[in-house]
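Below is one structure, written out as structure tokens, with a few remarks after it.
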Amino acid sequence: MFKNRKEAGKEIAQKLASYRGMNAVVLALPRGGVVVGHEVAKALSLPLDIVAVRKIGHPSSPEYAVCALDEHGTRLCNESAIWDIDPAWLAAETERQTMEALRRARVYRGKRLPVEIAGATALLVDDGAATGLTMRAAIAAVRARGVQKIVVAVPVASVDAVRDFTKEADEVVILEPPEEFRSAVGAHFRHFDQVEDKEVVRLLKASVRNAY
């Protein structure tokens, strides 16, 4: 069990130490993943940016995520879960969530432009993965931007999520054995408070000073 996201980030940084000084970028999934990613970027002297991903919930059960997408509209769906969804509704919701992801990305980055990642190694970081759908959407989004290599690094993840990551990423780093996943990411942290938008903004601004 981890004390908090910050501690988990420091441990992940140790596992990724070989990427210090390399052509690599830490890409964190807001909001909790930015706390973890900030520690990684700081320890390895690498730039930090975000992949703003939004989930699409089933219309009859919004908490059940059936798709996930990024600010550029790159979408990944659980095909077995969308067969009964009206395509017109899904298209409209995709557009709505894409706009929301774009809005959040702009809020988080402020006047900063996205970090250029084409040809670089992308270190994709989050505070954990239960279903893995959000991270898988991030993998697809980052792959579409022309990175050379994708490394997924999270403190905890389910067996199913790790299986999918292994298929879709080039390297996977998990701190705790997937077989010991407790059904919820927060169950692996003593302190797992919600991360506010202003904290994400603060950490991204701080990363500009820490990089290089």
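The numbers here are math on the coordinates, done by the rules we state, and not lab data. Not measured: the values here are computed from a predicted model. Please note: Cβ atoms are built from the backbone with ideal geometry, for glycine as well, and neighbour counts cover all protein chains shown.
What do you get for Rg/Rh of region 45-141 when both radii come from the Cα atoms and Rh is the Kirkwood radius?
Details: Rg = 14.3 Å, Rh = 14.4 Å.
Across region 45-141, the Cα-based Rg/Rh ratio is 1.00.
Bridges between two residues of the chain, per DSSP, are antiparallel at a rate of about 30%.
Would you order Thr131, Thr74 from fewest to most other beta-carbon atoms within 10 Å of each residue's own beta-carbon? Before the final figure, lay out the partial values.
Working: Thr131 17, Thr74 21.
If I rank by nearby Cβ atoms, fewest first, I get Thr131, Thr74.
Using every pair of separate Cα atoms, the Kirkwood estimate puts the hydrodynamic radius of region 99-212 at 15.5 angstrom.
Over all pairs of different C-alpha atoms in region 1-73, the reciprocal of the mean inverse distance, the Kirkwood hydrodynamic radius, equals 13.6 Å. For the chain, the Cα-based Rg and Dmax, in that order, read 16.3, 49 Å. Taking only the C-alpha atoms of region 54-108, the Rg (one decimal) and the largest Cα-Cα distance, Dmax (whole number), read 11.0, 35 Å.
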